[in-house]
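The values are calculated or read from the model by the stated rules, or taken from the named source; none is laboratory data. Remember, it's a predicted structure, so these values are computed and weren't measured experimentally. Note: ideal-geometry Cβ built from the backbone for every residue, glycine included; neighbour counts use all protein chains shown.
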Amino acid sequence: MKPTLSVLALPAFLAVGLPSTQAVRAVFEKNRQSIEVLGVCKLADGVLTCWTPDGRPSDDLTQQVNRSLSQTQNDAGFYLVPGKKTRMAIVRSVQRSPVGTSVYLRGINGNSSWLSQRSISSRWVVDVDGSESQRTELYSFAAGSDQSTASFEGSVTETVDQANGVSPRPGTTFRCGGAEIEILGFSRITNDPKLMNSEASWKLLVDVKKASDVGLSMVAVGKDGNVIMNTDKEGKPAPFRSFEYNPVPPRGGTAPSTLGQGGGFARMTMPYLSLTPARTGKMEVRCAIDPSVIASLRVSANKTSPFELANLPLDPISTHTSGQINQG
């Protein structure tokens with residue numbers, strides 16, 4: 001399925017100083033995932049004003065953002081920069097399963113810079129077709145004083161292939177995403193026990209027989225058939241714990257001290273391996289899991305493509321003449 005960019009075509013006299021050939025692109029869609037700029041806002045003399053991507057003032061969007069900001073103890077999201085146009089983009093992203101695609105906004109083009117990001121609202125819905133998560137966020141940014149529009153860049157990461165039940169034993173060869181890889185084996189990495197965060201770790205040595213431009217991510221499946229989500233400091237499967245600290249020797253002494261509760265974080269998120277087999281030959285991948293507890297590997301091939309949401313007006317239009325919205 002090809003990605004779709006929705007285009008808002010503005011008449012020349014509504015284009016906020018832009019040539020009429022520069023159309024607004026406010027929506028990106030691919031594989032039932034989407035990201036959409038709902039509008040742009042500014043704060044001047046304590047008054048919030050928001051407008052839609054075609055430049056029309058929007059009381060509904062202004063009220064929504066005002067309600068969100070009133071729920072906080074500060075005006076997070078509004079950082080005024082002298083000599084710049086400080087604005088906020090209100091962005092809604094929708095992720096729908098079971099399609100293995102993620103879409104997100106990662107930056108702003110041109111003479112502009114990110115200042116902050118915060119969530120306005122989020123919801124998660126489950127139905128017969130899978131699940132849907134929807135998130136609306138506020139991105140604060142500063143644009144050049146001579147800019148009339150801003151363009152945002154993002155990327156979409158799509159799972160294009162999978163290989164399940166890959167044996168971690170040396171000599172195993174698997175294919176995924178056009179790549180062919182042989183597993184050569186694991187070896188223990190020696191860490192200094194006197195250091196903080198000196199948890200056990202290993203490296204997986206592989207030989208890329210056939211290169212590919214995809215990114216490969218691998219998760220380990222334990223002997224109980226479940227993905228190993230968390231590990232202790234020895235690399236063994238462990239239940240999730242919010243905080244787990246390692247003792248740290250106090251300054252000038254040898255006896256363990258917790259320094260309040262210690263000085264190191266346990267591994268709290270899913271241990272995984274990743275590599276990009278862009279060339280043939282041997283590669284090393286760091287691993288946080290004891291190989292003796294791994295029954296198999298689940299491999300996913302992911303491909304990331306950039307996109308752009310372009311020419312969003314930095315100021316509302318001053319006329320009430322209607323524009324036309326086209327889908328393309």
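Considering segment 59-92, the residues that are among the small types (G, A, S) and either exposed (fewer than 15 other Cβ atoms within 10 Å of the Cβ) or touching a helix residue (DSSP H, G or I) at 6+ places or on another chain (Cβ under 9 Å) (or both) include one that is modelled with the highest pLDDT, namely G83. Residue selection: G178 satisfies the criterion of being within 28 Å of the chain's Cα centre (by Cα) and at positive phi. Residues of segment 218-231 that are farther than 9 Å from R298 by Cβ and surrounded by fewer than 22 Cβ atoms within 10 Å (Cβ to Cβ): G222, K223, D224, G225, N226, M229, N230. Condition check for M196 on (1) part of a loop (DSSP other than H, G, I, E, B); (2) at pLDDT 90 or above: one failure, at (2).
Yes or no, residue by residue, for (1) within 23 Å of the chain's Cα centre (by Cα); (2) within 30 Å of I294 (Cα to Cα); (3) modelled with pLDDT of 80 or more; (4) buried (at least 16 other Cβ atoms within 10 Å of the Cβ):
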site: I108; (1), (2), (3), (4): yes, no, yes, yes
site: W124; (1), (2), (3), (4): yes, no, no, no
site: L138; (1), (2), (3), (4): yes, no, yes, yes
site: T149; (1), (2), (3), (4): no, no, yes, yes
